[in-house]
Amino acid sequence: MPANTAADNLGVVGQFVSVRKDTYPYISPDKNSLAGKSVFVAGASKGIGKETAISLGKAGCSKIAIGARSDISQLVGEITKAATDAGKSAPQIVSLQLDVTSEASVKAAADKIAQEFGGALDVLVCNAGYLETWRPVGEADPSEWWKTYEINVKGTFLLNRFFIPLLLKSETKTSILTTSYGALALRPGASAYQSTKFAVCRLAEFIAAEYEAQGLVCMAIHPGGVKTELAFGMPEDMWAVLTDEVALPADTIVWLSKENRPWLNGRFLSVTWDMEELESKKDKIVADNLFKFRMLA
């Protein structure tokens, strides 16, 4: 029987395969070598973005670019230490100050990374995000409401606009967009955040449709319920869902970066899903065209 409410639908999707709360061997950087790969993490200054950059180092990723508005110079040393502690070669690291809402800033970042990484990029991780204070539409701060769209939607668009040409010149050709289970939910007061995450999922579908013939794979991931600064911006009664460890999204992104995965193209997926179990269902996912938005009648 089809799910008839947003809450019902969220429940069905969330339990598609076994749920994980922390990292596990199948996605561990120890077992997923990224030697020879190049990855750019936008929104790398803290939380999931920072942990992802460190996990890339542990996986032996050869070229890592990190970008954020704030100073991330300290992260360079942390990535290098993570790589060497794991017995891997120190990666080439490009650190950038980046405003994802600025066309000039994103273009400059793409130009710099193209110059440093030989004109190609294997994986783009669009992690920059914003969450407004949740209020009903009639009480919302218009500038803050729209800022959510500027960062979550325009920022994700600009990153893909300027990095897709680099992705198409690589082997892995993968763009990972950060969405949320909020895209499937309908929480009063969250009209900006949840609708932007819905839009990001649809953008992933567009990118997949427009570039799949050239081998590009684009997916939209729910990064888990992690105790980050952004997540604590939700109303306090929502904090109970923040039960996932930050290593879970970081190491899942490492796993997703290992190879081009056409069966995930244009789809939503949650890092809380067991990736080995999910992979075992890839034929069903493709045959039934799962995890894309549609309207039932």
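With a requirement of 2 or more residues that are among the hydroxyl-bearing types (Ser, Thr, Tyr) and surrounded by fewer than 23 Cβ atoms within 10 Å (Cβ to Cβ), the helices (runs of 4 or more DSSP H) lying completely within segment 190-284 that satisfy it span 191-211. Remark: pairs (first residue in segment 91-106, farther than 10 Å from Arg69 by Cβ; second residue surrounded by fewer than 20 Cβ atoms within 10 Å (Cβ to Cβ) and at pLDDT below 95; Cβ separation under 8 Å; 6+ apart in sequence or on different chains) = Ser95/Ser73. Summed over segment 21-55, residues that are assigned to a helix (DSSP H, G or I) and closer than 21 Å to Glu229 by Cβ total 9. Charged (D, E, K, R) and buried (at least 16 other Cβ atoms within 10 Å of the Cβ): is that true of Glu103 in this structure? So Glu103 does not fit the description; no. Annotation: Lys169 fulfils all but one of (1) free of Cβ contacts under 8 Å to residues at least 60 places away in the same chain; (2) out of contact with any Gly (no Cβ under 9 Å at 6 or more places or on another chain); the unmet one is (2). In segment 136-144, the condition of being surrounded by 16 or more Cβ atoms within 10 Å (Cβ to Cβ) and closer than 23 Å to Ile176 by Cα is met by no residue. What do you reckon, is Thr133 part of a loop (DSSP other than H, G, I, E, B) and of a type in the set (Val, Ile, Thr)? Taking the combined requirement at face value, the residue satisfies it. Test Gly60 against the criterion of being part of a loop (DSSP other than H, G, I, E, B), farther than 20 Å from Leu230 by Cβ and touching a residue at least 24 places away in the same chain (Cβ under 8 Å), and give yes or no. Answer is yes for this residue.
The values are calculated or read from the model by the stated rules, or taken from the named source; none is laboratory data. If you're wondering where the values come from, they're calculated on a predicted model, not measured in any experiment. Here Cβ is always computed from backbone atoms with ideal geometry, including for glycine, and neighbour counts include all displayed protein chains.
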